[in-house]
Amino acid sequence: MIVLFLSGPPGAGKDEIAKIITRELLQLPGIFRVAAPLRNAVVGLLGMGGRYEQDKDEPIPGLGAPTTPRELMIKLMLYLVKPVLGSRWLAEQAALRVDTAGLRLSIIVDIRDGAEMEQIIEWLEAEDVKRVTPRHWRFVCWHVHRPGHDFSKDIRSYARLDDVPVIHIHNDKDLAHLKVHVLDALDASGISFDA
């Protein structure tokens, strides 16, 4: 089973890359977000429904200081989730969702940093996790680069671990070029499911 971590700044194209992979592989991957519980909470609190993606960087009306849904998500993590549930909780919940899905390829599109990636890997490889079927994991990380997009307004950074191979994808042209880069990266990562 392969876990592909997509690491890159906001707007770099991580979700688009996951969509390209989903369209290209005959065996569909699972797409997971470490921050899914936070995102769901923000969507519910603000009554956003399906508008999160289009409105995540728009100021929330009625608040004293300009805050966007993305910033609210970060504040929930820093001031509620980490102090109350612990610094590993989000990573462990993501690992649990990946493990429970039992798919040949799982894509985590919002890995925050190397520590979070390490927490997910540790949970998935733990001997004491009760499973019906034993799992054999392989991990790959893609760093997504796009001109004009950086981590200056985000708490993430590029995820790196010594034992996890990193492939760089440059999203610097149109979707056709990005697709070529993704297909090359799939090949370089040894990811293909033709049957």
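Observations, loosely collected:
- Loop-located GluC sites (Glu not before Pro) across segment 50-139 with a Cβ neighbour count of 14 or fewer within 10 Å are Glu127, with loop assigned by DSSP.
- Global geometry of segment 65-195, whether rounded, prolate or oblate, following the gyration tensor of its Cα atoms and the 1.5 cut on a/c: oblate
- Computed from phi, the 3J(HN,Hα) profile of segment 180-189 under the Karplus parametrisation 6.51, -1.76, 1.60 (θ = phi - 60°) reads 4, 4, 5, 5, 4, 5, 4, 4, 5, 8 Hz, with x in place of Gly and Pro.
- Using θ = phi - 60° and Karplus 6.51 cos²θ - 1.76 cosθ + 1.60, couplings along segment 90-96 (whole Hz; Gly, Pro as x): 4, 5, 5, 5, 5, 4, 4
- Peptides 147-155, 97-105 ordered by average Cβ neighbours within 10 Å, highest first: 97-105, 147-155
- Backbone N under 16 Å from the Leu63 label point (7 Å along Cα→Cβ), restricted to segment 27-47: 38-47
- Overall form of segment 123-163 per C-alpha gyration tensor (a/c, 1.5; a/b vs b/c): prolate
- About the Cα centre, charge dipole magnitude for the chain (Lys/Arg +1, Asp/Glu -1 at Cβ), debye: 460
- The calculated FRET efficiency for the pair Asp172 and Asp128, based on their C-beta separation and a Förster distance of 30 Å, comes to about 0.10.
- Farthest positive-ward along the chain dipole, Cα basis, beta-carbon charges - from Val182, Met117, Asn40: Asn40
- In plain terms, the chain from Asp184 to Gln54 could stretch by 43.9 nm, reckoned as 0.36 nm per residue minus the Cα-Cα distance.
- Using bins of 5 Å that start at zero, the share of Cα-Cα pairs per bin across segment 1-160 amounts to 2, 8, 17, 20, 20, 17, 10, 4, 2, 1, 0, in whole %.
- Shape box of segment 1-90 [Cα atoms, principal axes, largest first, Å]: 48, 30, 22
- With contacts taken as Cα pairs under 8 Å and at least 6 residues apart, the chain reaches a relative contact order of 37 percent.
- Amide H contacts under 5 Å for Phe5, placed H, 5+ residues apart: Ile108, Val140, Cys141, Trp142
- Ascending count of other beta-carbon atoms within 10 Å, so fewest first, for Ile17, Ile120: Ile17, Ile120
- Taking the charge dipole of the chain about its Cα centre, with +1 at Lys and Arg Cβ atoms and -1 at Asp and Glu Cβ atoms, the residue from Gly13, Pro147, Pro61 reaching farthest to the positive side is Pro61.
- Dipole of the chain computed with +1 at Lys/Arg Cβ and -1 at Asp/Glu Cβ about the Cα centre; of Leu76, Ser106, Val129, farthest Cα towards the positive end is Leu76.
Bear in mind that the values in this text are calculations on the coordinates, not laboratory data. Note that the structure is a prediction, hence the values are computed from the model and not measured. A quick note on method: Cβ atoms are made from the backbone with ideal geometry, for glycine too, and the neighbour counts reach across all protein chains shown.
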